[in-house]
Amino acid sequence: MKSLIKILLLILPMSMHAQTVVSRLEIYGVNTDRREVIHEEVGTLFEAPNWSQDGKFLIYNQGGNLYKFDLDKKKRKK
């Protein structure tokens, strides 16, 4: 049985030209060699993403606040 390994890619601004910042939260499947953009926002920067112990959500910093991103629902909350 093949185990699925996923890596959270660094969340970096995709563009910083003229005050336009586009940040993407992406997951990369090591076994599948596939990338999936799970969240994207314009005009803000995400930082310091961390997996939950059960792998069901991510916690990250944005503008001095912590956010929880539910990987099943593809939604975040403060």
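Since every read-out is calculated from the coordinates, none of them should be taken as a lab result. Predicted model, so just to flag it, every value in this text is computed and none were measured. Positions of Cβ are generated from backbone atoms using ideal geometry, with glycine treated the same way; all protein chains shown enter the neighbour counts.
Annotations for the structure displayed:
- Every residue from the range 65-78 that is in a loop (DSSP other than H, G, I, E, B), closer than 16 Å to residue 26 by Cβ and either touching a His at 6+ places or on another chain (Cβ under 9 Å) or free of Cβ contacts under 8 Å to residues at least 12 places away in the same chain (or both): 74
- Count - residues of the range 38-70 that are touching a Leu at 6+ places or on another chain (Cβ under 7 Å) and among the hydrophobic types (A, V, I, L, M, F, W, C): 7
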